[in-house]
Amino acid sequence: MTERSAFKTAVVAVVGFWIVAFVFLPNLLVLVASFLERDETAFLRRVFSLGAYRGLLDPQIAGIFTRSMGYAAGTTALCLLIGYPFAFLLARNAHRRLLLVLIIIPFWTSSLVRTYALIIVLKANGLVNALLQAAGLIQEPLPLLYTNGAVFIGLVYTLLPFMILPLYAAIEKFDPRLVEAGYDLGASRLQVLRHILLPVSLPGIIAGSIMVFLPALGLFYVPDLLGGAKSMLLGNYIKNQFLTARNWPAGAAASMLLTFLMGLLLWAYFASLRRSGDPGGGLAR
Amino acid sequence: MKRTAGIVYMVMIYGFLYLPIAVLIVYSFNDTRFSSNWQGFTFKWYAELLDNRMLLDSLGNSLLVALISSLVATGIGTLAAVAFHRYRFPGRKLLYGLLYVVMMSPDIVMGISLLMFFILLGVTTGFFTLVLSHITFCLPFVVVTIYARIADFDPNVIEAAKDLGAGEYQAFRHVILPLLLPAVASGWLLSFTLSLDDVIVSFFVTGPTFEILPLKIYSMVRLGVKPEVNALSTLLLAVTLVSVFASHWLVKENRR
């Protein structure tokens, strides 16, 4: 009995220590820092202040946020629009094992490398312009790179696999006979989508949206490499507060906003799981 | 007709995902520095990598960080998965929940939280802080991979070992661990890939004296397209490809 408790205590202690030290405390620090004042030398002054949060309401900064939210929402919507039919076709395909691996590979591939690959394709003498010119559609190369459009394409390109995988996981479990039953009972295509497909795949839709929406706010190197001088995400703003402006409270408050959004989305995810009657499935396993 | 449309659609998506990568790989063998046209096959950009001391150093640093942090993360993660599955202890749900928070939270939040933490503790950022941070973001992936595997176990096997007089450690060492080995290896490979490819967290927690490959690539790419970067990126892609296939194969083999 003593050996049992020694091993168990050691395991729980190591795991507990690691999570508390490198997850809980640093995140608590962000929360605390967001309510303190900025200090030129020591980074933080121990004075309670809501200044950092008030700073977020500054029109210029609020503008960065709304634009960043727009990018993230647009990216999520487009990934969902492209990814949903794709995940559906994938789940029905006879070669789905191999095809799934072909989605998992870009999922794990460095998104920096993939962003770089996109530069090669989009640049003035790149593949896309060359093809358009060869087809006689344009005379001069289009300025595709260093635009807001390129940032948008970059985000969709980088994050699409993160939408497809959770969608696939949700749709794969789905029994296709439910759709047939729906048609047999006289439902229209729209009704089948609305009352059968969407409710069943809702956890996958939300899980995918979390995995696309949050990174789309933070991936600072995408606008850095693909965007113009003014393309900026929330991530770029946070990065600048820590590395250039040295304003920790401002950066921490912006980062708390991200954490808050994550909390909200996770809550929606677990609520959807409960409603779809699969409390143990998917991420919650 | 409907079937054809579906196939065309899938081909288009795979084209979208793979075409840029394919172009990158092809260009890494293209014998020209500036033109985008094909000027003949060459290994010259790969050969030039071998002469670039700075790139080789950063590659060495990256491999070292990835190796150490993936091994430690796998060790702790394996124990954690077993503990979460077998033991009931106070704070169990909270700790497991925090692992999910790590997995879902945006990299940038983790990067800045660890940066602040290390600076306030007075730790100099560099190799040490990189390893600690990489272990932390790899940990949940290891735990989830292995936890899924333990959940499939026949609990009677462990009970049998106990009945035969095995202690908790002995049961872990001789029964649980051998059964888990494919999942452990798979978790390790994924951690290695994650660590090798990370940009955002590393960006904050590394110091000026310790350069790693993704950050080196990042600073090179900001200055434009270079054939050396094409070659380097192709190599990085190859490592990812091998890890993903190996990890996938390990999990699949074991499910049979």
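The values are calculated or read from the model by the stated rules, or taken from the named source; none is laboratory data. Nothing here was measured: the structure is a model prediction, and the numbers come from that model. Note: ideal-geometry Cβ built from the backbone for every residue, glycine included; neighbour counts use all protein chains shown.
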>> Of the residues B:Ala166, B:Ala246, B:Ala183, only one is in contact with a Lys or Arg (Cβ under 6 Å, 6 or more places away or on another chain) and among the hydrophobic types (A, V, I, L, M, F, W, C); which?
In response: B:Ala183
>> Among the residues that make up the stretch B:27-36, is at least one of them surrounded by fewer than 18 Cβ atoms within 10 Å (Cβ to Cβ), among the aromatic types (Phe, Trp, Tyr), under 30 Å from A:His95 (Cα atoms) and without any contact (Cβ under 8 Å) to a residue 12 or more places away in the chain?
In response: no
>> Quick check on my filter: what residues within the stretch B:132-142 are touching a Leu at 6+ places or on another chain (Cβ under 6 Å) and within 11 Å of chain A (Cβ to nearest Cβ)?
In response: B:Ser133, B:Pro140, B:Phe141
>> Here is a check on your reading of the model: is B:Tyr96 among the aromatic types (Phe, Trp, Tyr) and more than 23 Å from B:Leu179 (Cα to Cα)?
In response: no
> Conditions: (1) closer than 23 Å to A:Ala77 by Cα; (2) among the hydroxyl-bearing types (Ser, Thr, Tyr); (3) part of a helix (DSSP H, G or I). A:Ser231 meets all but one. Number of the miss?
Replying inline: (3)
>> What's the number of the only condition in (1) within 26 Å of B:Thr125 (Cα to Cα); (2) in contact (Cβ under 8 Å) with a residue 60 or more places away in the chain that B:Leu236 fails to meet?
In response: (2)
>> Here is a check on your reading of the model: is A:Leu258 under 23 Å from A:Val30 (Cβ atoms), facing another protein chain (nearest Cβ under 9 Å), in contact with a Leu (Cβ under 8 Å, 6 or more places away or on another chain) and assigned to a helix (DSSP H, G or I)?
In response: yes
> Quick one: is B:Phe89 hydrophobic (A, V, I, L, M, F, W, C), at pLDDT below 90, surrounded by fewer than 20 Cβ atoms within 10 Å (Cβ to Cβ) and at negative phi?
Replying inline: yes
>> If A:Leu185 meets every condition in (1) surrounded by fewer than 13 Cβ atoms within 10 Å (Cβ to Cβ); (2) within 24 Å of A:Leu80 (Cα to Cα); (3) not basic (Lys, Arg) apart from one, which number is that one?
In response: (2)
> Which of the following residues is surrounded by fewer than 19 Cβ atoms within 10 Å (Cβ to Cβ) and not acidic (Asp, Glu): A:Pro199, A:Pro215?
Replying inline: A:Pro199
> What are the residue pairs meeting all of these: first residue in the stretch A:98-116, first residue within 7 Å of chain B (Cβ to nearest Cβ), second residue in a helix (DSSP H, G or I) and acidic (Asp, Glu), Cβ atoms under 9 Å, and 6 or more apart or on different chains?
Replying inline: A:Trp108/B:Asp197; A:Thr109/B:Asp197; A:Ser110/B:Asp197; A:Leu112/B:Asp197; A:Val113/B:Asp197
> Is one or more of the residues making up the stretch A:205-213 in contact with a helix residue (DSSP H, G or I) (Cβ under 7 Å, 6 or more places away or on another chain) and away from every other protein chain (no Cβ under 14 Å)?
Replying inline: yes
>> So for the stretch A:128-145 (the condition being within 8 Å of another protein chain (Cβ to nearest Cβ), surrounded by 15 or more Cβ atoms within 10 Å (Cβ to Cβ), β-branched (Val, Ile, Thr) and not in a loop (DSSP other than H, G, I, E, B)), does at least one residue qualify?
In response: no
>> Given the options B:Met103, B:Met116, name the one that is under 23 Å from the mean Cα position of the chain (by Cα) and of a type in the set (A, V, I, L, M).
In response: B:Met103
>> Checking the condition more than 7 Å from chain A (Cβ to nearest Cβ), β-branched (Val, Ile, Thr) and outside any helix (DSSP H, G or I), which residue from B:Thr129, B:Thr145, B:Thr125 passes?
In response: B:Thr125
> Right, A:Tyr53: among the hydroxyl-bearing types (Ser, Thr, Tyr) and within 12 Å of chain B (Cβ to nearest Cβ) or not?
Replying inline: no
>> I need the full set of residues from the stretch A:117-127 which are in a loop (DSSP other than H, G, I, E, B) and either away from chain B (no Cβ under 11 Å) or surrounded by 16 or more Cβ atoms within 10 Å (Cβ to Cβ) (or both), in order please.
In response: A:Lys123, A:Gly126
> If a residue has to be small (Gly, Ala, Ser) and assigned to a helix (DSSP H, G or I) to count, how many in the stretch B:104-122 make the cut?
Replying inline: 2
> Across the stretch A:31-63, what is the number of residues that are among the aromatic types (Phe, Trp, Tyr), modelled with pLDDT of 90 or more and outside any helix (DSSP H, G or I)?
Replying inline: 2
> Got at least one residue in the stretch A:62-74 being within 19 Å of A:Gly204 (Cα to Cα) and either more than 11 Å from chain B (Cβ to nearest Cβ) or of a type in the set (Lys, Arg) (or both)?
Replying inline: yes
>> Looking only at the stretch A:234-250, how many residues end up being part of a helix (DSSP H, G or I) and either touching a Pro at 6+ places or on another chain (Cβ under 9 Å) or touching a residue at least 40 places away in the same chain (Cβ under 8 Å) (or both)?
In response: 8
> Going through the stretch A:221-245 one residue at a time, which ones are within 11 Å of chain B (Cβ to nearest Cβ) and either over 15 Å from the mean Cα position of the chain (by Cα) or surrounded by fewer than 23 Cβ atoms within 10 Å (Cβ to Cβ) (or both)?
Replying inline: A:Asp224, A:Leu225, A:Leu226, A:Asn236, A:Tyr237, A:Ile238, A:Lys239, A:Gln241, A:Phe242, A:Leu243
